[in-house]
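See below for the structure under consideration.
The values are calculated or read from the model by the stated rules, or taken from the named source; none is laboratory data. On a predicted model such as this, the values are computed, not experimentally measured, just so you know. Positions of Cβ are generated from backbone atoms using ideal geometry, with glycine treated the same way; all protein chains shown enter the neighbour counts.
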Amino acid sequence: MTEPTTQGNPDYRDSGLVFPPGFTFGSATASYQVEGAFDEDGRGPSTWDTFSKTPGKVWNGDTGDVACDHYHRVDADLDLMKDLGLDAYRFSIAWPRIQSFDGAAGSPTAVVNQKGIDFYSRLVDGLLERGIKPVATLYHWDLPQALEDAGGWPVRATVDAFEEYASIMGAALGDRVHTWTTLNEPWCSAYLGYGQGGHAPGRHEPAAALAAVHHLNLAHGRAVSALRATSAGSPEYSVTLNFHVLRGAGDGAADAVRRIDALANRAFTGPMLKGEYPADLLEDTASVTDWSFVQDGDLAAIHQPIDVLGVNYYSTATVRLWDGVSPKQMNDGHKGAAGGTAWPGSDRVVEFVEQPGPYTAMGWNIAPEGLEELLVSLSEQFPEQPLMITENGAAFDDVVAEDGSVPDPERLDYLRRHFTAAHRAMARGVDLRGYFVWSLLDNFEWGYGYAKRFGIVRVDFDTLERTVKNSGRWYAELVRERAIPD
């Protein structure tokens, strides 16, 4: 990847940098993490409902049954977004709210749930009434449990079901949604869900993980086509990928980086943006699968033009070739289950080594230069493709002050440094259209339950009271002034 620039303050703590007119400042959440109301108004179970209620899968036995209760508090949360001055709000739609599935396991039949559609219609209308652009993600990991029971993402029938779901939502909201995002972080869905086992559905099947990669790619392409066919307005179309910014160490560093880059990054950008799978990816994984699940016409279906590529970034990773003798390190920064791997075909070849700090509460290193490097690299690889930072933020152990305020200087500093990195990338010619802070609210943080807080707004999980943190006030000033505050 391209080396970051040293222009400006080398620690990325610049201020006064002005963002151009039209640059979108937003924040983001995901349905299972904030909505709650897990069994209300026709919502069926998702894989995350099942996973979180399985003993030992989530910290402290936490579930998303209530989460932030956003389902019942949506109007107040919309007012909060307006008070922060957000240009846009990125939310996800809970697929199990839109379709319930009946019939025998293995051949579920879908029924549209109008109450679920009505909730998201009210959300979108509420955003528009407050001058906030709705950015809707179709899939942020809450697969209907009935579809998982029928095989989940490793089977092709799930793609057919997703295409139908996309058509339903395009017809329902496509006249008002500003941007459609098909998938959030398919790397997590495929590798953590079906390979490593640290995410729902918690399977340890390397071949299934690679089949899921392909079917998620195919679902993206077919969903873009379905949304275009059914959306009455003029929305933009996108997908969000969590890119791995890699460093190499030791002998063979380049090969270690190449292998992980193929699995983590190019397994998705290749088919989505080029219409092909990288040859080295197929070679590296030949001992795991023959990729016979790729059928004629699939790559053309996947390779749909998109208006913006969503970029999620949190930290960097360092990899090296394993010598086969020393104790192996596979701490790739993700909470996982024993016995699984997120790196099929390379898990016995490559190891992850500890990153230098400082770290967030997730144990992820803080490296704003990695964001600049990533944006410049993507711009060089895909020069005609506009970019959007769809997630960036940090978890820290916040403390409520005696006066009830939430000073969070570490998060504020993190955001300042990463907005500086984004601005520097733009100064180098990157076509970056906006930046969504993760996350609007403290929420259910997947396998970590409620133990990790990413929000610029604090949620008291006993009372569900919201309190804007100092970082949120800083962000509101940035949005208002369109410049990084002093």
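Just a few scattered comments:
- Against the test of being aromatic (Phe, Trp, Tyr), over 17 Å from Trp364 (Cα atoms) and surrounded by fewer than 23 Cβ atoms within 10 Å (Cβ to Cβ), the options Phe436, Phe419, Phe444, Phe461 yield a single qualifying residue, Phe461.
- Residues of segment 145-167 that turn out to be surrounded by fewer than 21 Cβ atoms within 10 Å (Cβ to Cβ), of a type in the set (A, V, I, L, M, F, W, C) and either in contact with a strand residue (DSSP E or B) (Cβ under 6 Å, 6 or more places away or on another chain) or assigned to a loop (DSSP other than H, G, I, E, B) (or both), as a count: 2
- Any hit, segment 366-385, residues being over 20 Å from Leu246 (Cβ atoms), aliphatic (A, V, I, L, M), at pLDDT 95 or above and in contact with a strand residue (DSSP E or B) (Cβ under 7 Å, 6 or more places away or on another chain): no
- Flag if Thr390 is hydroxyl-bearing (Ser, Thr, Tyr), without any contact (Cβ under 8 Å) to a residue 12 or more places away in the chain and closer than 24 Å to Lys82 by Cα: no
- Residues in segment 112-139 that are aromatic (Phe, Trp, Tyr) and either in a helix (DSSP H, G or I) or on the phi > 0 side of the Ramachandran plot (or both): Phe119, Tyr120.
- Subset of segment 377-414 [β-branched (Val, Ile, Thr) and surrounded by fewer than 21 Cβ atoms within 10 Å (Cβ to Cβ)]: Val399, Val400
- Set side by side, the residues Val58, Val135 differ, and just one is surrounded by 24 or more Cβ atoms within 10 Å (Cβ to Cβ), in contact with a Ser or Thr (Cβ under 6 Å, 6 or more places away or on another chain), over 21 Å from His199 (Cβ atoms) and touching a residue at least 60 places away in the same chain (Cβ under 8 Å), which is Val135.
- Condition met for Trp180 (crowded, with 24+ Cβ neighbours inside 10 Å, hydrophobic (A, V, I, L, M, F, W, C), under 20 Å from the mean Cα position of the chain (by Cα) and part of a strand (DSSP E or B)): yes
- Pairs, first closer than 23 Å to Val135 by Cα and in contact (Cβ under 8 Å) with a residue 12 or more places away in the chain in segment 421-436, second in a helix (DSSP H, G or I) and among the hydroxyl-bearing types (Ser, Thr, Tyr), C-beta under 6 Å, six or more apart: Val430/Ser379
- Residues (closer than 27 Å to Thr179 by Cβ and part of a strand (DSSP E or B)) located in segment 456-486: Val457, Val459, Arg466, Val468, Ala483
- Where helices (runs of 4 or more DSSP H) fall entirely within segment 227-335, those with at least 2 residues that are within 20 Å of the chain's Cα centre (by Cα) are at 253-261.
- Arg453 being at negative phi and outside any strand (DSSP E or B): yes
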